[in-house]
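The values are calculated or read from the model by the stated rules, or taken from the named source; none is laboratory data. No experiment lies behind these values; they were computed from the predicted model shown. For neighbour counting, all protein chains shown are included, and Cβ atoms are generated from backbone atoms with ideal geometry for every residue, glycine included.
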């Protein structure tokens, strides 16, 4: 009899919807190319809190260790976060071959609009890794300083414009003057021609510098995908910025992901105090 009661009780509990006090909640948000798969993580002992949007990089997803570690560190400090898969990535709708930096910015805008309407959110900051760092900087520039509390760029891949002009992505080369319909890269993914053409004229720093609020750049000196000089350029355009160079760290900070996440979290916590 007790086993039957326990089974019924567990069934009821697991069928209940997540409440406002839940630490994490999966949801879908309308993006530029369909639904975006997202996870909101909140501190369960607060009625209101700052929130940080966390943006993954090229071919990445919302559940990468660097991003989840950052979300966990923020939650412990009383700050909420939202992580999501861009169109054509992870569990979100869309085809990777249709993805461009510009439609990722549109995805991020829609996520920003969603969280800005949540009654418990007091401010919004943005953090991004690699291409997600570029999207973060350009989104902040388009939204303006008043709408973004602070930003954290982790190995921001502003090199992507130069790569598109050179006709090279990692070890894959193509005719930059007449790009093919798509470039097949690792994992069978196909990078679309529109991504390349868009990237070649992408006003990365020109858009980014419209944001003049607090900014942190974290970059490894051993990053061969995106040299740390691209973060130096960000430091030049942001008057309220600081740069953390990690000796010998690669593009994904594999030498110490937890340390990297903590540096970003500590900065975001400080700026949201």
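Residue 212 fulfils the conditions (1) in contact with a helix residue (DSSP H, G or I) (Cβ under 8 Å, 6 or more places away or on another chain); (2) under 18 Å from residue 129 (Cα atoms) except for a single criterion, (2). For region 48-55, the count of residues that are assigned to a loop (DSSP other than H, G, I, E, B), under 18 Å from residue 31 (Cα atoms), touching a strand residue (DSSP E or B) at 6+ places or on another chain (Cβ under 8 Å) and modelled with pLDDT of 95 or more is zero. When restricted to residues that are in a helix (DSSP H, G or I) and either farther than 20 Å from residue 251 by Cα or in contact with a helix residue (DSSP H, G or I) (Cβ under 9 Å, 6 or more places away or on another chain) (or both), region 175-207 contains 13.
Of the set (1) touching a helix residue (DSSP H, G or I) at 6+ places or on another chain (Cβ under 9 Å); (2) part of a loop (DSSP other than H, G, I, E, B); (3) over 20 Å from residue 216 (Cα atoms), all apply to residue 63 but (1). Could you please let me know if residue 125 is farther than 17 Å from residue 207 by Cα and surrounded by fewer than 17 Cβ atoms within 10 Å (Cβ to Cβ)? When the stated conditions are applied, residue 125 does not pass them. Residue count for region 135-148 satisfying the condition of being surrounded by 23 or more Cβ atoms within 10 Å (Cβ to Cβ) and out of contact with any helix residue (DSSP H, G or I) (no Cβ under 6 Å at 6 or more places or on another chain): 2.
If you filter region 149-174 down to residues that are in contact (Cβ under 8 Å) with a residue 40 or more places away in the chain, touching a strand residue (DSSP E or B) at 6+ places or on another chain (Cβ under 6 Å) and assigned to a loop (DSSP other than H, G, I, E, B), you find that the one that is surrounded by the fewest Cβ atoms within 10 Å (Cβ to Cβ) is 149.
Of all residues in region 107-118, none are in contact with a helix residue (DSSP H, G or I) (Cβ under 6 Å, 6 or more places away or on another chain), assigned to a strand (DSSP E or B) and under 29 Å from residue 163 (Cα atoms).
Answer yes or no: is there a residue in region 234-256 that is surrounded by fewer than 17 Cβ atoms within 10 Å (Cβ to Cβ), without any contact (Cβ under 8 Å) to a residue 24 or more places away in the chain and assigned to a loop (DSSP other than H, G, I, E, B). Yes, that holds for at least one residue.
Of the numbered conditions (1) closer than 30 Å to residue 254 by Cβ; (2) at pLDDT below 95, residue 36 satisfies every one except a single condition; which is it? Residue 36 satisfies all of (1) closer than 30 Å to residue 254 by Cβ; (2) at pLDDT below 95 except (2).
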